[in-house]
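The values are calculated or read from the model by the stated rules, or taken from the named source; none is laboratory data. Quantities reported herein were computed from a predicted structural model and do not represent experimental measurements. Using ideal geometry, Cβ is built from the backbone for each residue, glycine included, and neighbour counts are taken over all protein chains shown.
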Amino acid sequence: MNKDKISIVILAAGKGSRMKSPKAKVLHSICGKPMLYHIIKASLEISDDITVVVAHQKDAVMELMSSFFDNLHFVVQDADNFPGTGGAMMGVKPKNEKVLVLNGDMPLITSYALQGFINTNSDIIMSIFDLENPDGYGRVIIDAGQVKRIVEQKDASAYELKVTTVNAGIYAFSKGVLEKYIPLLSNNNAQEEYYLTDIISMARADGLIISPLLVDEEKFKGVNSKKDLSDAEVIMQNKIKIHWMNAGVIMQLPSTIYIEEGVTFEGECIVENGCRLTGNTLIANSHIKAGSVVEDSIVKNSDVGPLAHLRPASYLEETHVGNFVEVKKSSLKGVKAGHLSYIGDAQIDEGTNIGAGVITCNYDGIKKYQTIIGKNVFVGSDSQLIAPVQIEDDVMIAAGTTLTSGKVEKGSLAIGRTKLRTIKDFYYKFFKK
Ligand code: UD1
Ligand code: MG
């Protein structure tokens with residue numbers, strides 16, 4: 001695809017008051033990434049001239065997007081004096097003749113869907129869809145098969161409100177059309193904003209050809225509220241899960257599984273119901289059992305859960321992690337940790353068994369310390385390993401041991417329990433039976 005044919009402008013300067021949030025709307029997350037990230041990612045697949053218009057929380061928006069992508073152009077809107085989507089276009093200087101303008105609150109858009117706007121010769125192409133409930137969208141007034149104008153909901157008459165054809169929020173303009181009409185916009189409307197959508201009626205009056213492009217809500221949905229946010233997330237979740245099932249992943253009750261966009265699978269994997277997989281997690285040839293959470297971790301040839309929690313930077317290979325086990329920033333290779341453990345800041349080697357209730361005490365209230373465990377170690381149940389600690393190969397830690405800092409040498413037994421006493425008939429004396 002020839003990426004220097006088209007410029008893309010993404011409008012991301014608005015407050016998003018309907019989100020009722022201190023956070024700028026475009027930074028709200030869908031499937032683990034800000035909405036704006038998804039739109040920029042799709043845009044970069046078809047254009048190398050991307051302008052993002054910012055104003056509200058502009059530093060946060062620019063910083064975060066620059067951490068994901070190089071070569072974005074940012075334009076700061078004078079939103080105090082020129083609010084609205086038309087105001088947002090005022091300082092924009094696209095490089096190419098054809099300019100695609102996208103609202104920044106359409107996280108479901110794909111590069112394939114955007115291509116529909118490129119190869120036509122109309123002066124303006126605008127996206128429309130029909131909705132049973134058009135609430136919140138600008139209504140598209142079509143007359144004799146031609147788009148006549150767009151009426152924003154707050155300016156619409158009772159009759160216009162009943163129109164179910166709406167403006168989806170993506171437009172292709174020629175650069176000349178933008179240069180001519182943006183300076184002519186006014187804020188003479190219910191919201192006292194400069195509406196980009198007013199270009200349509202002005203251009204139409206001048207006899208320009210405006211082609212409506214019928215699109216589907218699955219890809220063009222605008223997110224204005226937290227309800228919209230969750231609806232859009234469900235749509236994207238389905239897409240992600242279908243993609244991975246087609247790639248060979250088995251999912252049980254997929255509607256109960258949450259998988260972020262950075263997660264990848266290799267080989268044959270099973271994900272049971274109620275699992276949550278986030279960040280840049282990689283699961284290869286593994287079985288993630290019901291109710292487990294895996295965050296930013298790598299799991300290879302292993303089984304995890306049910307109800308296990310792998311926190312960021314965990315690495316599991318040929319390992320069994322069972323129920324109620326929490327692992328954080330640790331590497332486990334060829335390990336069995338079947339029940340009720342906390343394993344943090346640890347490296348554990350092949351053939352080692354971690355008994356039920358074992359805890360790495362990695363934190364002294366100020367700093368975190370490492371636990372290094374060698375091969376074929378048997379850590380008995382309910383032991384506490386007070387880090388920093390190193391256990392060499394072939395060691396046995398007796399159940400109930402509190403292992404204080406230091407090293408346990410190869411082949412040893414470490415046992416740290418008080419001697420058991422039994423006092424005959426104590427029970428009967430105590431309860432005077
Ligand atoms: C807009 C359209 C509406 C359409 C709908 C589709 C206008 C006037 N209305 O309405 O016809 O049906 O999208 O989703 O365009 N923005 C700025 N600067 C601003 C205001 C907004 O950059 O001053 C950005 C926002 O960050 C957002 C986008 O423009 O990403 C759209 O703004 P929003 O307030 O969501 O417009 P809608 O009311 O949804
Ligand atoms: Mg919107």
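Quick check: anything in region 215-227 free of Cβ contacts under 8 Å to residues at least 60 places away in the same chain and either within 24 Å of residue 276 (Cα to Cα) or not assigned by TED's automatic domain parsing to the domain that holds residue 105 (or both)? Yes, that holds for at least one residue. Evaluating residue 83 against the criteria (1) crowded, with 22+ Cβ neighbours inside 10 Å; (2) within 16 Å of ligand 2 (Cβ to nearest atom) leaves one unmet condition, (1). Restricted to region 52-80, and to residues there that are outside any loop (DSSP other than H, G, I, E, B) and charged (D, E, K, R), the residue that is surrounded by the fewest Cβ atoms within 10 Å (Cβ to Cβ) is 59.
So, residue 158, is that one small (Gly, Ala, Ser), modelled with pLDDT under 95 and more than 16 Å from ligand 1 (Cβ to nearest atom) or not? It is false that residue 158 is small (Gly, Ala, Ser), modelled with pLDDT under 95 and more than 16 Å from ligand 1 (Cβ to nearest atom).
Note on region 56-115: among residues that are among the small types (Gly, Ala, Ser) and over 20 Å from the mean Cα position of the chain (by Cα), the one that is nearest to residue 16 (Cα to Cα) is 84.
If you go through region 79-98 and keep only what is in contact with a helix residue (DSSP H, G or I) (Cβ under 7 Å, 6 or more places away or on another chain) and more than 18 Å from residue 7 (Cα to Cα), you end up with just 79.
Which of the residues that make up region 26-51 are assigned to a strand (DSSP E or B), touching a residue at least 40 places away in the same chain (Cβ under 8 Å) and within 16 Å of ligand 2 (Cβ to nearest atom)? Passing the criteria: only 30.
None of 140, 163 is in contact (Cβ under 8 Å) with a residue 24 or more places away in the chain, over 24 Å from residue 77 (Cβ atoms), surrounded by fewer than 21 Cβ atoms within 10 Å (Cβ to Cβ) and within 12 Å of ligand 1 (Cβ to nearest atom) except 163.
Has region 61-77 got any residue that is in the same structural domain as residue 168 (by TED's automatic domain parsing), modelled with pLDDT under 95 and over 25 Å from residue 124 (Cβ atoms)? Yes, there is a match, as at least one residue in region 61-77 is in the same structural domain as residue 168 (by TED's automatic domain parsing), modelled with pLDDT under 95 and over 25 Å from residue 124 (Cβ atoms). Selection of first residues in region 100-115 that are outside the structural domain of residue 25 (by TED's automatic domain parsing) and in contact (Cβ under 8 Å) with a residue 12 or more places away in the chain and of second residues that are of a type in the set (S, T, N, Q) and within 14 Å of ligand 1 (Cβ to nearest atom), restricted to Cβ pairs under 9 Å at least 6 apart or on distinct chains, gives an empty result.
Scanning region 223-280 for residues that are among the hydroxyl-bearing types (Ser, Thr, Tyr), closer than 30 Å to residue 17 by Cα and touching a Phe, Trp or Tyr at 6+ places or on another chain (Cβ under 9 Å) gives a single hit, 278. Restricting attention to region 3-27, the residues that are within 19 Å of residue 40 (Cβ to Cβ) and either away from ligand 1 (no atom under 13 Å from the Cβ) or among the hydroxyl-bearing types (Ser, Thr, Tyr) (or both) total 6.
Here is a check on your reading of the model: is residue 365 surrounded by fewer than 18 Cβ atoms within 10 Å (Cβ to Cβ) and not in a strand (DSSP E or B)? It is true that residue 365 is surrounded by fewer than 18 Cβ atoms within 10 Å (Cβ to Cβ) and not in a strand (DSSP E or B). Of the listed requirements (1) outside any strand (DSSP E or B); (2) within 16 Å of ligand 2 (Cβ to nearest atom), residue 192 misses just one: (2). All of 235, 240, 257 fail the test of being within 17 Å of the chain's Cα centre (by Cα) and within 16 Å of ligand 1 (Cβ to nearest atom), apart from 235. If the condition is being away from ligand 2 (no atom under 11 Å from the Cβ), of a type outside the set (Ser, Thr, Tyr), in contact (Cβ under 8 Å) with a residue 40 or more places away in the chain and out of contact with any helix residue (DSSP H, G or I) (no Cβ under 6 Å at 6 or more places or on another chain), then region 11-25 contributes 15, 20.
Listed conditions (1) touching a strand residue (DSSP E or B) at 6+ places or on another chain (Cβ under 7 Å); (2) within 12 Å of ligand 1 (Cβ to nearest atom) are all met by residue 44, apart from (2). A single member of 302, 341, 331 is closer than 22 Å to residue 268 by Cβ and among the small types (Gly, Ala, Ser), and it is 302.
Residues being under 23 Å from residue 167 (Cβ atoms), surrounded by 15 or more Cβ atoms within 10 Å (Cβ to Cβ) and hydrophobic (A, V, I, L, M, F, W, C) are represented in region 234-246 by at least one member.
In this entry, residue 30 is excluded by the filter for residues that are touching a strand residue (DSSP E or B) at 6+ places or on another chain (Cβ under 9 Å) and hydrophobic (A, V, I, L, M, F, W, C). With respect to residue 421, determine if the residue is at pLDDT 95 or above, in a loop (DSSP other than H, G, I, E, B) and more than 25 Å from residue 313 (Cβ to Cβ). So residue 421 fits the description; yes.
Annotation: of all residues in region 202-232 being assigned to a loop (DSSP other than H, G, I, E, B) and within 13 Å of ligand 1 (Cβ to nearest atom), the one that is farthest from residue 101 (Cα to Cα) is 225.
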